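The values are calculated or read from the model by the stated rules, or taken from the named source; none is laboratory data. Since this is a predicted model, take the numbers as computed values, not measurements. FYI the Cβ positions are ideal-geometry reconstructions off the backbone, even for glycines, and counts take in every protein chain you see. In case anyone asks, the SASA skips ligands and DNA or RNA and just uses the protein heavy atoms, side chains included. Shrake-Rupley method; radii C 1.70, N 1.55, O 1.52, S 1.80 Å.
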Amino acid sequence: MAGRPEKRSALMGFALLCLKMVLSSKTAPEIPTIDQAYSKISNSITVEWTAVPGATSYLLTAEDGDTVIETVVASSPGTVTGLKAATLYRVTIRSISASGQSQASSPKQAKTVLAAPILEVGSPSPDSILVRWGAVYMAIGFSVSVMRANGLGRIWKENTTNTSLTFSSLDAGTLYTIKAYAWNANGIPGDDSTCNQRTSPRAPANIQVLFDSGALKASVSWTPTEGAFNYTVMASSESSQRSCSTALSSCSLSSLQCGTEYLISVSASNDAGSSRSSSASTLKTVACAPGRVTIQEAPPGHLSVAWSNVELGDYYVAFVKSDDGLEVHCNTSLTRCHFLSECGFTYFISVFAYNTAGQSPLGEVFNYTTAPCCPSDINAVLVSSDRVEIAWSPVRGAELYETKAIAGYSVVECNDTAPACTLSALDCDTKYNITVYSFSEIRGSNLSCSSHYVTTAPCSPEIKNISKDAFSTINVHWRSTNEGATYTVTAQGKKGLFQCSSTGETCVIGGLPCGSVFSVSAVAETQAGKSLPSYSVPLETAQVTQSIINVSWTIGTAAQTYVTVLESHAGQSKCHTRQNHCLLGCIACGINYTVALKAISPTGLTADCAYQSACCPLGVKLYRLGPNGIRIYWQASRGSANYSTDLHGSKGIFTCVPSAGLSFCDVTDIPCGDVYTVMVSPVAETGLKLTFCPKKIYSGKSSYDL
């Protein structure tokens, strides 16, 4: 009896379990049945099944042995995502309702498709596209297709087991769409990969080059090419390189070098890369300005201009312009030209090289000043037997004149800025070779000047004695060293004047009144002129310059003749005359002289005074100060401390006095376009302006001596 209660308990538990199972089978939804499971995308599997009545949703489960991925979907078909490519999965499904979920369905196996290849594309040439990709897991082949992005035209498609393909015969500068996928051993295609790639452009054609020789700049143009975003122009030579870039169809290359041959090429570019450079065009720039220019004047009157050869110079033109505005030129393929020149001119010389590109840039402008002209109209006026005055017209280019009188070993010189000179202390009855040389600071003395021969007047005879031959006749005897001279003896007194002539050394004067006192003198005469009386010297007048002194005095009572002596440490100059003034030459400026005057009369008179001559400045130069001003510069001469400058023009006179100690003066606010005569004058201590200095002409462009 004891075992029955235990048996009853076991039966009751079994009955309850069966009841629970019956109740459960009535509330849970049915188990779905998978019709098919497949993969179209490498990271998902799609499942199709028959719908279960009462189910509100479904639970899809995919297992690969390592991971379990679940997804709830509303209805068939459903897709499980987040899977691995080319992987075999075990797929089940459960139905879900408000009462719960069903048991898992019978499993189905499905494999995800291959992953899409990762593409790298480029355009190595204008008509090709290169496609590369990495290996794809489980792939045994690949399919790649190319077509225009706009959908027009043909489609290129290739299958390969490699990991790269090149598509050729494409259109340059065109956008293409590339599509590629892999397939497995069963031929099932995987995911596809799509990208766009533009082919690179072709090289531009119809290259045109225009060269601007003045600006050393080239303008390059071309025909636009399909698909090009930008263009680059390159100019290359052995020594330099220039480039420019643009999105247009022309570009300018600046700062090109003269005398250079460039190769000009143009390339096009876009986002695919650059085209090959176009066929190079040759550009020859203008030649550089010739250098090492040398100028020679040999012989005088002929200028020879030479220069160095330059690269790319086909021929040369040398221009020579004188300071009076006249210009000549020479065209040659050599490196030398010859020109005729004139004395006293400054020539401005420039040389250009030419080729098919044009004229070279302006090089250095050279100037050459020829020797000053020689005085031609020299007028030698015999003043006395020991003095000659020389005068001539001013000549072009001369800043100073050097006069030399030579007779044997005797040389007398006179230097002056004025076109006149007085030669003093000459020997009487002597033939002198007199030459006037012109001088300029730049070129020195013109030693080609011709000489002139001048014979001084005869020496004064010396009366040795006067003898009385008869009641009214005297015989005058004299001594003289003259050759071929005729002598005239004059006896002058209160009762009249009586004369006799002779070519010898004695002469007889008759008919003299008795009881009278006479002054007897003798004068010699030749073709050269008359001598001074035996005790006088004739008067000579001339223009006073800085090398000539005119000494004058009041007439002394009973004085017959006067002797003037000009003396310094440098020497002595003497004048003997009957007049009340005397001209003494060959003095040096800036030196103190003692002037002694002696009156020859029964009672005689002597007076002494000091005199200092003023000097003209040397090296007068004119410099431009802007459009309306010039600076006048000079070198002060010895003995002269103060100067004044004057500009004379048609529009007025402009005077400038420099500050003490300065050797230049600035003249401003002068009207432009006028020609001015410029003179720098020394100012004496008395304030007198001495206007015998040489003049210069200023035209706003250049200056020259007057």
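A few remarks follow.
- Amide H within-cut-off set for Cys288, under 5 Å, with H built and near neighbours excluded: Gly259, Glu311
- Amide H contacts of Tyr176 (H built 1.01 Å from N, under 5 Å, at least 5 apart or other chain): Ala149, Gln197, Arg198, Thr199
- Annotation note: trypsin sites (Lys or Arg not before Pro) in the range 139-196 located in DSSP loop regions with a Cβ neighbour count of at most 13 within 10 Å are Arg154.
- Angle between the chain longest axis and helix 4-27 axis [Cα atoms, degrees, rounded to 10]: 50
- The helix-based estimate of mean residue ellipticity at 222 nm for the chain, built from -39,500 (n - 2.57) per DSSP H run of four or more residues and divided by its residue count, is -1000 deg cm²/dmol to the nearest 500.
- Scanning the chain for chymotrypsin sites (Phe, Trp or Tyr not before Pro) in DSSP loops with at most 10 neighbouring Cβ atoms within 10 Å leaves 1-408 as the longest stretch between them.
- Net charge contributed by nearby residues that have their C-beta within less than 14 Å of Ala318 (K/R +1, D/E -1): +1
- Just the protein heavy atoms count here, and of the accessible area of the range 135-246 at 1.4 Å, carbon and sulfur take up 45 percent.
- Counted residue by residue at 0.36 nm each, then reduced by the alpha carbon distance between them, the extension gain from Ser451 to Asn628 reaches 59.2 nm.
- Sites Asn206 and His338, calculated FRET efficiency, Cβ-Cβ separation with R0 41 Å, nearest 0.05: 0.30
- Full extension of the chain between Ile442 and Lys464 yields a length gain of 2.3 nm, computed as 0.36 nm times the residue separation minus the alpha carbon distance.
- Loop-located trypsin sites (Lys or Arg not before Pro) in the range 273-335 (DSSP state not H, G, I, E or B) with no more than 10 neighbouring Cβ atoms inside 10 Å: Arg292.
- Dividing the C-alpha radius of gyration of the range 238-321 by 2.2 N^0.38 Å, with N its residue count, gives 1.75.
- Other-chain or far-sequence residues with amide H under 5 Å of Tyr432's (modelled H): Val454, Thr455, Thr456
- Ser568 paired with Ser502, simple spin-label distance in nm, labels 7 Å along Cα-to-beta-carbon: 4.5
- Dipole size of the chain about its Cα centre, with +1 on Lys/Arg Cβ and -1 on Asp/Glu Cβ: approximately 2420 debye, rounded to the nearest 20.
- 3J(HN,Hα) along the range 341-349, derived from phi through the Karplus expression 6.51 cos²θ - 1.76 cosθ + 1.60 where θ = phi - 60°, amounts to 10, 10, 5, x, 9, 9, 10, 9, 10 Hz, with x in place of Gly and Pro.
- Modelled FRET efficiency - R0 41 Å, Arg292 with Val381, Cβ distances, 0.05 increments: 0.20
- Charge sum, other residues only, whose C-beta stays under 12 Å from Tyr487's C-beta, Lys/Arg counted +1 and Asp/Glu -1: -1
- DSSP loop GluC sites (Glu not before Pro) with at most 12 other Cβ within 10 Å: longest gap in the chain: 1-237
- Site pair Ser128 and Leu263 shows an inter-label distance of 2.4 nm when each label is modelled 7 Å from Cα along Cα→Cβ.
- Each Lys or Arg adds one and each Asp or Glu subtracts one; over the other residues with Cβ under 12 Å from the Cβ of Ala287, this totals -2.
- Simple Cβ-charge dipole of the range 248-401, Lys/Arg +1 and Asp/Glu -1, about Cα centre, in debye nearest 20: 540
- On the basis of the beta-carbon distance and an R0 of 51 Å, Ala425 and Val328 show a calculated FRET efficiency of 0.60.
- Overall form of the chain per C-alpha gyration tensor (a/c, 1.5; a/b vs b/c): prolate
- Å² of accessible area per residue within the range 227-357, as computed with a 1.4 Å probe and no ligands counted: 50
- Separation in nanometres of the label points that stand 7 Å from Cα toward Cβ, at Cys195 and Lys40: 2.6
- Per residue, the average separation of C-alpha pairs within less than 8 Å and at least 6 apart gives the range 224-353 a relative contact order of 19 percent.
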